[in-house]
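The values are calculated or read from the model by the stated rules, or taken from the named source; none is laboratory data. This one's a predicted model, so the numbers in the text were calculated from it and none came from an experiment. Every residue, glycine as well, gets a Cβ built from its backbone with ideal geometry; the counts of neighbours run over all protein chains shown. Surface areas here come from the heavy atoms of the whole protein model, side chains and all, with no ligands, DNA or RNA. Shrake-Rupley method; radii C 1.70, N 1.55, O 1.52, S 1.80 Å.
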Amino acid sequence: MTAWIRAHRALNGSAVTLLVLTAAMWGAHGVVSRAAVGEVPPLTLVTLRWLLVCAMILPFLREDLRKAWPVLRTRKLYMCLMALSGYAGFNVLFYLAGSRTSAVNLGLLQGAIPASVLALGALFKGLPARPLQFAGMALSFCGVGLIAAQGDPLRLGALSLNSGDAMMLVACVLYALYTVSLRDRPPLPPLVFFAGMAVAAFVESLPLFAWEIASGGFFWPSPTGWAFVLFVALFPSLMSQIFFMRAVQLIGPGRAGIFTNLTPLFGAVFAISLLGEPFHPYHAAAMILGLSGIALAEWGGRR
């Protein structure tokens with residue numbers, strides 16, 4: 001038990017560890033979301049993931065939520081907007097974009113999140129963005145672009161913006177707004193705060209779920225689809241969001257946002273190991289660029 005407490009304290013106090021684990025879960029999420037096509041409808045997946053999250057945590061937090069209700073009630077608009085941007089809205093657009101654009105475009109466009117975090121933080125929150133942070137962001141973004149271009153930078157010039165690309169760009173801006181706004185979250189324990197937003201995200205996803213049924217896009221998930229729903233609810237939805245909130249609390253949104261550039265790198269690793277996709281030299285080069293960029297940005301942020 002003592003060793004478990006020490007490990008928990010070490011994890012809770014290490015923003016880098018929390019963010020690396022978060023990026024790994026998000027990278028796996030991308031692979032799962034592509035594999036889930038045809039196994040579970042996209043809007044149904046969003047609704048079911050937040051329903052399961054609520055079912056997993058609310059029974060254990062009833063007393064905490066009752067005590068926190070006065071704070072949650074006064075900040076209900078903030079909670080609803082945060083859930084809409086970071087939880088419901090981002091994931092809806094992410095799943096819809098995956099069926100409308102190429103994996104090359106998706107991989108590249110996710111690199112817009114850290115840039116958006118730095119820009120929005122500087123514009124609306126007065127958060128300082130140092131030159132080394134921008135340099136690190138650009139370096140890690142080159143790694144993302146190298147993966148997206150599959151080792152051929154000339155392919156980047158052939159990319160064209162379609163509806164899926166536009167959805168992904170909007171999704172990136174939404175998550176950047178969520179990240180920056182985490183600094184203003186009410187003084188509540190992370191799990192209680194997360195539970196309030198999970199409930200809000202579930203409620204906000206219901207109209208889209210109803211629309212999917214009415215439009216004829218609904219079908220019951222297959223057994224594999226249910227497994228995907230459970231994975232998405234437990235890891236990308238529950239654990240990663242708590243880890244990310246704690247990391248933002250420790251080092252701020254600008255420094256934390258840089259680590260999202262690890263997401264497509266982990267996605268490539270999981271695609272290679274789980275889906276049997278081939279490993280190319282540009283994968284190694286992209287990972288070196290991504291890790292070097294994060295190290296530079298983190299060093300610049302500390303200075």
- Write out, first by first residue and then by second, each pair whose Cβ atoms fall under 9 Å of each other, whose residues are 6+ apart or on separate chains, and whose first residue, in segment 55-66, is closer than 10 Å to V192 by Cβ while the second is surrounded by 10 or more Cβ atoms within 10 Å (Cβ to Cβ) and aromatic (F, W, Y). I57/F194
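Only residues that are assigned to a helix (DSSP H, G or I) and either within 15 Å of S85 (Cβ to Cβ) or more than 17 Å from the chain's Cα centre (by Cα) (or both): list them for segment 180-190, please.
Correct list: V180, S181, L182, R183, D184.
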- Query: Does L21 satisfy the condition of being modelled with pLDDT of 90 or more, over 18 Å from Y87 (Cβ atoms) and either open to solvent by 20 Å² or more (accessible area, probe 1.4 Å) or not aromatic (F, W, Y) (or both)?
  - Reply: yes
- Restricting attention to segment 191-224, which residues are surrounded by fewer than 17 Cβ atoms within 10 Å (Cβ to Cβ), among the hydroxyl-bearing types (S, T, Y) and part of a helix (DSSP H, G or I)? T224
- Right, L11: at pLDDT below 85 and part of a helix (DSSP H, G or I) or not? yes
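Residues checked against (1) among the polar types (S, T, N, Q); (2) free of Cβ contacts under 8 Å to residues at least 12 places away in the same chain; (3) closer than 28 Å to G27 by Cβ; (4) open to solvent by less than 10 Å² (accessible area, probe 1.4 Å):
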{"site": "L51", "(1), (2), (3), (4)": "no, no, yes, no"}
{"site": "R73", "(1), (2), (3), (4)": "no, yes, no, no"}
{"site": "C80", "(1), (2), (3), (4)": "no, no, no, no"}
{"site": "V92", "(1), (2), (3), (4)": "no, no, yes, no"}
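Counting only residues that are at pLDDT 70 or above, part of a loop (DSSP other than H, G, I, E, B) and among the aliphatic types (A, V, I, L, M), how many does segment 126-148 have?
Residues meeting the conditions: 0.
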- Query: Does F235 fit the bill of being in a helix (DSSP H, G or I), open to solvent by 50 Å² or more (accessible area, probe 1.4 Å), hydrophobic (A, V, I, L, M, F, W, C) and in contact (Cβ under 8 Å) with a residue 40 or more places away in the chain?
  - Reply: yes
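May I ask you to say which residue of L123, L84, L156, L161 is aliphatic (A, V, I, L, M), loosely packed, with under 15 Cβ neighbours inside 10 Å and either closer than 29 Å to P186 by Cβ or modelled with pLDDT of 75 or more (or both)?
One residue alone meets the criteria, L123.
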- Task: Out of G30, G38, report the one residue that is open to solvent by less than 20 Å² (accessible area, probe 1.4 Å) and modelled with pLDDT under 90.
- Result: G30
- Item | Matching residues, segment 254-303, being under 27 Å from G13 (Cα atoms), modelled with pLDDT under 75 and surrounded by fewer than 24 Cβ atoms within 10 Å (Cβ to Cβ) | M287, L291, A295, E298, W299, G300, G301, R302, R303
